[in-house]
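To start, the structure itself, in C-alpha coordinates.
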Amino acid sequence: MKKTFLLLASLLLVLHSFGQDDTKSRSIVDQLIAKNKTYKSFDADFTSRLVNTASKLDLKQEGNIKVKDRKFRLTLLDNIVINDGNALWTYSKKTNEVSISDPKEMDETLDPANLFNVYEKGFKSQYVGASTEDGVAVETIRLFPLDPAKKPYHTIILTVDKNKMEPRKVVMKYKDGNEVTYVLKNFKPNAEMVDALFAFDKSKYPGVEVNDMR
(Lines give C-alpha, C1' and ligand atoms only; values in the text may rest on other atoms or scores of the structure.)
Protein backbone atom coordinates (compact mmCIF):
# COMPACT_ATOMS: atom_id res chain seq x y z
CA MET A 1 0.00 0.00 0.00
CA LYS A 2 2.86 2.39 0.81
CA LYS A 3 4.37 1.94 -2.66
CA THR A 4 0.92 2.46 -4.20
CA PHE A 5 0.57 5.86 -2.59
CA LEU A 6 4.13 6.82 -3.49
CA LEU A 7 3.20 6.20 -7.12
CA LEU A 8 -0.11 8.03 -6.75
CA ALA A 9 1.53 11.05 -5.11
CA SER A 10 4.21 11.13 -7.78
CA LEU A 11 1.72 10.98 -10.64
CA LEU A 12 -0.49 13.72 -9.27
CA LEU A 13 2.40 16.03 -8.44
CA VAL A 14 3.70 15.61 -11.96
CA LEU A 15 0.43 16.31 -13.71
CA HIS A 16 -0.45 19.49 -11.89
CA SER A 17 2.84 21.21 -10.99
CA PHE A 18 4.51 23.04 -13.84
CA GLY A 19 6.53 26.22 -13.66
CA GLN A 20 8.22 28.69 -15.93
CA ASP A 21 11.71 29.55 -17.09
CA ASP A 22 12.74 29.56 -20.75
CA THR A 23 10.48 30.87 -23.51
CA LYS A 24 10.02 27.57 -25.36
CA SER A 25 8.94 25.57 -22.31
CA ARG A 26 6.70 28.46 -21.22
CA SER A 27 4.92 28.35 -24.58
CA ILE A 28 4.25 24.62 -24.24
CA VAL A 29 2.96 25.00 -20.68
CA ASP A 30 0.65 27.84 -21.75
CA GLN A 31 -0.82 25.62 -24.48
CA LEU A 32 -1.37 22.82 -21.96
CA ILE A 33 -3.15 25.20 -19.60
CA ALA A 34 -5.44 26.54 -22.34
CA LYS A 35 -6.45 23.08 -23.50
CA ASN A 36 -6.87 21.65 -20.03
CA LYS A 37 -9.35 24.38 -19.10
CA THR A 38 -11.79 22.77 -21.54
CA TYR A 39 -11.82 19.46 -19.60
CA LYS A 40 -14.87 18.69 -17.46
CA SER A 41 -13.83 15.07 -17.01
CA PHE A 42 -11.17 12.68 -18.21
CA ASP A 43 -10.32 8.98 -18.27
CA ALA A 44 -6.77 7.69 -18.69
CA ASP A 45 -4.86 4.44 -18.43
CA PHE A 46 -1.23 4.54 -17.37
CA THR A 47 1.73 2.31 -16.64
CA SER A 48 4.18 3.06 -13.87
CA ARG A 49 7.63 1.75 -13.06
CA LEU A 50 9.43 2.40 -9.77
CA VAL A 51 13.16 1.67 -9.91
CA ASN A 52 15.90 1.99 -7.30
CA THR A 53 19.19 0.52 -8.49
CA ALA A 54 20.85 0.55 -5.07
CA SER A 55 18.08 -1.48 -3.43
CA LYS A 56 17.43 -3.58 -6.57
CA LEU A 57 13.81 -2.42 -6.62
CA ASP A 58 11.89 -2.68 -9.87
CA LEU A 59 8.10 -2.41 -9.47
CA LYS A 60 5.85 -2.23 -12.53
CA GLN A 61 2.13 -1.49 -12.33
CA GLU A 62 -0.77 -0.56 -14.56
CA GLY A 63 -3.56 1.75 -13.50
CA ASN A 64 -6.51 3.87 -14.52
CA ILE A 65 -7.69 7.28 -13.35
CA LYS A 66 -11.18 8.70 -13.87
CA VAL A 67 -12.08 12.26 -12.86
CA LYS A 68 -15.42 14.09 -13.09
CA ASP A 69 -15.78 17.52 -11.53
CA ARG A 70 -14.52 17.08 -7.93
CA LYS A 71 -14.91 13.29 -7.89
CA PHE A 72 -12.35 10.69 -8.89
CA ARG A 73 -11.71 6.95 -9.07
CA LEU A 74 -8.15 5.60 -9.14
CA THR A 75 -7.46 1.92 -9.80
CA LEU A 76 -3.88 0.75 -9.26
CA LEU A 77 -2.97 -2.91 -8.99
CA ASP A 78 -5.08 -4.30 -6.09
CA ASN A 79 -6.14 -0.91 -4.74
CA ILE A 80 -9.03 1.42 -5.50
CA VAL A 81 -9.25 5.01 -4.26
CA ILE A 82 -12.59 6.83 -4.65
CA ASN A 83 -13.62 10.35 -3.75
CA ASP A 84 -17.41 10.52 -3.92
CA GLY A 85 -17.50 14.18 -2.92
CA ASN A 86 -18.25 13.48 0.73
CA ALA A 87 -15.74 10.78 1.68
CA LEU A 88 -12.45 9.34 0.47
CA TRP A 89 -12.59 5.54 0.21
CA THR A 90 -9.33 3.56 -0.01
CA TYR A 91 -9.89 -0.14 -0.71
CA SER A 92 -7.32 -2.95 -0.63
CA LYS A 93 -8.28 -6.14 -2.47
CA LYS A 94 -5.55 -8.15 -0.71
CA THR A 95 -6.92 -7.46 2.77
CA ASN A 96 -10.55 -6.78 1.75
CA GLU A 97 -10.46 -3.60 3.83
CA VAL A 98 -11.61 -0.10 3.06
CA SER A 99 -10.61 3.04 4.95
CA ILE A 100 -12.81 6.12 4.94
CA SER A 101 -11.34 9.57 5.44
CA ASP A 102 -12.41 13.17 4.95
CA PRO A 103 -11.45 14.37 1.44
CA LYS A 104 -10.99 17.86 2.89
CA GLU A 105 -7.95 16.55 4.73
CA MET A 106 -6.30 15.46 1.49
CA ASP A 107 -3.42 17.64 0.34
CA GLU A 108 -4.91 19.59 -2.56
CA THR A 109 -1.77 18.99 -4.60
CA LEU A 110 -2.54 15.25 -4.52
CA ASP A 111 -6.19 15.61 -5.53
CA PRO A 112 -6.74 14.32 -9.11
CA ALA A 113 -9.55 16.86 -9.52
CA ASN A 114 -6.83 19.53 -9.38
CA LEU A 115 -4.62 17.93 -12.00
CA PHE A 116 -5.04 20.63 -14.57
CA ASN A 117 -5.63 23.88 -12.71
CA VAL A 118 -2.35 24.82 -11.05
CA TYR A 119 0.23 24.34 -13.80
CA GLU A 120 1.94 27.63 -13.09
CA LYS A 121 3.09 26.90 -9.56
CA GLY A 122 6.03 25.17 -7.96
CA PHE A 123 8.62 24.67 -10.70
CA LYS A 124 10.97 26.34 -13.12
CA SER A 125 11.16 24.70 -16.51
CA GLN A 126 13.74 24.03 -19.20
CA TYR A 127 13.12 22.98 -22.79
CA VAL A 128 15.01 19.80 -23.69
CA GLY A 129 14.06 19.18 -27.33
CA ALA A 130 11.79 17.59 -29.92
CA SER A 131 11.85 13.96 -31.03
CA THR A 132 9.65 11.06 -32.12
CA GLU A 133 8.47 8.18 -29.91
CA ASP A 134 6.62 5.24 -31.47
CA GLY A 135 5.80 7.40 -34.46
CA VAL A 136 4.44 10.24 -32.33
CA ALA A 137 6.00 13.73 -32.45
CA VAL A 138 6.87 14.79 -28.91
CA GLU A 139 8.57 17.60 -27.01
CA THR A 140 10.35 17.21 -23.70
CA ILE A 141 10.62 19.60 -20.75
CA ARG A 142 12.75 19.27 -17.64
CA LEU A 143 11.24 20.67 -14.41
CA PHE A 144 12.99 21.69 -11.20
CA PRO A 145 11.24 22.57 -7.90
CA LEU A 146 11.53 26.21 -6.88
CA ASP A 147 11.98 25.14 -3.27
CA PRO A 148 14.01 21.91 -3.57
CA ALA A 149 14.65 21.62 0.18
CA LYS A 150 10.94 20.95 0.72
CA LYS A 151 10.61 18.34 -2.03
CA PRO A 152 11.64 14.65 -2.00
CA TYR A 153 12.55 14.81 -5.71
CA HIS A 154 15.00 16.97 -7.62
CA THR A 155 13.97 16.63 -11.27
CA ILE A 156 10.89 15.83 -13.35
CA ILE A 157 11.17 15.06 -17.07
CA LEU A 158 7.91 15.56 -18.96
CA THR A 159 7.30 14.37 -22.52
CA VAL A 160 4.31 15.94 -24.30
CA ASP A 161 2.45 14.78 -27.41
CA LYS A 162 3.15 17.75 -29.68
CA ASN A 163 0.00 17.49 -31.79
CA LYS A 164 -2.49 16.60 -29.07
CA MET A 165 -0.73 18.80 -26.49
CA GLU A 166 -1.21 16.23 -23.74
CA PRO A 167 1.26 14.69 -21.24
CA ARG A 168 2.61 11.41 -22.65
CA LYS A 169 5.48 10.28 -20.43
CA VAL A 170 6.85 11.45 -17.09
CA VAL A 171 10.04 10.56 -15.23
CA MET A 172 10.40 11.58 -11.55
CA LYS A 173 13.89 11.51 -10.04
CA TYR A 174 13.89 11.35 -6.22
CA LYS A 175 16.67 12.32 -3.85
CA ASP A 176 16.63 8.84 -2.26
CA GLY A 177 17.51 7.19 -5.57
CA ASN A 178 13.99 6.20 -6.57
CA GLU A 179 13.05 6.87 -10.19
CA VAL A 180 9.39 6.64 -11.22
CA THR A 181 8.36 6.55 -14.88
CA TYR A 182 4.77 6.97 -16.06
CA VAL A 183 3.42 6.42 -19.54
CA LEU A 184 -0.09 7.77 -20.08
CA LYS A 185 -2.28 5.83 -22.50
CA ASN A 186 -5.78 6.15 -23.92
CA PHE A 187 -6.28 9.64 -22.53
CA LYS A 188 -9.95 10.59 -23.06
CA PRO A 189 -10.91 14.16 -22.14
CA ASN A 190 -14.57 14.97 -21.47
CA ALA A 191 -15.40 11.27 -21.30
CA GLU A 192 -18.97 10.28 -20.42
CA MET A 193 -19.10 8.66 -16.96
CA VAL A 194 -21.95 7.44 -14.77
CA ASP A 195 -22.02 8.67 -11.17
CA ALA A 196 -21.94 5.09 -9.88
CA LEU A 197 -18.24 4.96 -10.78
CA PHE A 198 -17.57 7.47 -8.02
CA ALA A 199 -19.32 5.63 -5.22
CA PHE A 200 -18.05 2.75 -3.09
CA ASP A 201 -20.76 0.09 -3.03
CA LYS A 202 -20.02 -2.17 -0.03
CA SER A 203 -22.46 -4.80 -1.32
CA LYS A 204 -20.00 -5.57 -4.12
CA TYR A 205 -17.30 -6.51 -1.61
CA PRO A 206 -18.74 -9.27 0.64
CA GLY A 207 -17.16 -9.30 4.11
CA VAL A 208 -15.27 -6.05 3.58
CA GLU A 209 -13.88 -4.54 6.77
CA VAL A 210 -14.69 -0.84 7.04
CA ASN A 211 -12.38 1.49 8.95
CA ASP A 212 -13.98 4.90 9.33
CA MET A 213 -11.20 7.36 10.16
CA ARG A 214 -13.24 10.54 9.94
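The values are calculated or read from the model by the stated rules, or taken from the named source; none is laboratory data. This one's a predicted model, so the numbers in the text were calculated from it and none came from an experiment. Glycine also receives a Cβ, built like all others from the backbone with ideal geometry; neighbour counts cover every protein chain displayed.
Do we find a residue being of a type in the set (Gly, Ala, Ser) and closer than 23 Å to residue 214 by Cα anywhere in segment 77-89? Please lay out each step first, then the result.
Applying the first criterion (of a type in the set (Gly, Ala, Ser)) to segment 77-89 yields 85, 87.
The next check asks that each one be closer than 23 Å to residue 214 by Cα; those that pass are 85, 87.
Yes, the conditions are met somewhere in segment 77-89.
When segment 175-206 is examined, which residues are found to be crowded, with 16+ Cβ neighbours inside 10 Å and either without any contact (Cβ under 8 Å) to a residue 24 or more places away in the chain or touching a helix residue (DSSP H, G or I) at 6+ places or on another chain (Cβ under 7 Å) (or both)?
The answer is 180, 182.
Does residue 148 satisfy the condition of being surrounded by 12 or more Cβ atoms within 10 Å (Cβ to Cβ), modelled with pLDDT under 80 and not hydroxyl-bearing (Ser, Thr, Tyr)? Walk me through it before giving the result.
Details: surrounded by 12 or more Cβ atoms within 10 Å (Cβ to Cβ): yes; modelled with pLDDT under 80: no; not hydroxyl-bearing (Ser, Thr, Tyr): yes.
No; evaluated as a whole, the condition is false for this residue.
Take the conditions within 18 Å of the chain's Cα centre (by Cα) and not hydroxyl-bearing (Ser, Thr, Tyr) and apply them to residue 187. Does it pass?
On the way: within 18 Å of the chain's Cα centre (by Cα): yes; not hydroxyl-bearing (Ser, Thr, Tyr): yes.
Yes.
Looking at segment 122-142 only, could you name the residues that are surrounded by 13 or more Cβ atoms within 10 Å (Cβ to Cβ), of a type in the set (Gly, Ala, Ser) and free of Cβ contacts under 8 Å to residues at least 40 places away in the same chain? I'd like the intermediate steps shown before the answer.
Our first condition is that a residue be surrounded by 13 or more Cβ atoms within 10 Å (Cβ to Cβ); within segment 122-142, this holds for 122-128, 133, 136-142.
Pick out the ones that are also of a type in the set (Gly, Ala, Ser) and you get 122, 125, 137.
Within segment 122-142, just 137 meets the criteria.
Residues to consider are 59, 76, 88, 50; find the one that is touching a Lys or Arg at 6+ places or on another chain (Cβ under 7 Å), closer than 30 Å to residue 207 by Cβ and modelled with pLDDT of 85 or more.
Values: 76 fails: touching a Lys or Arg at 6+ places or on another chain (Cβ under 7 Å); 88 fails: touching a Lys or Arg at 6+ places or on another chain (Cβ under 7 Å); 50 fails: closer than 30 Å to residue 207 by Cβ.
The conditions single out 59.
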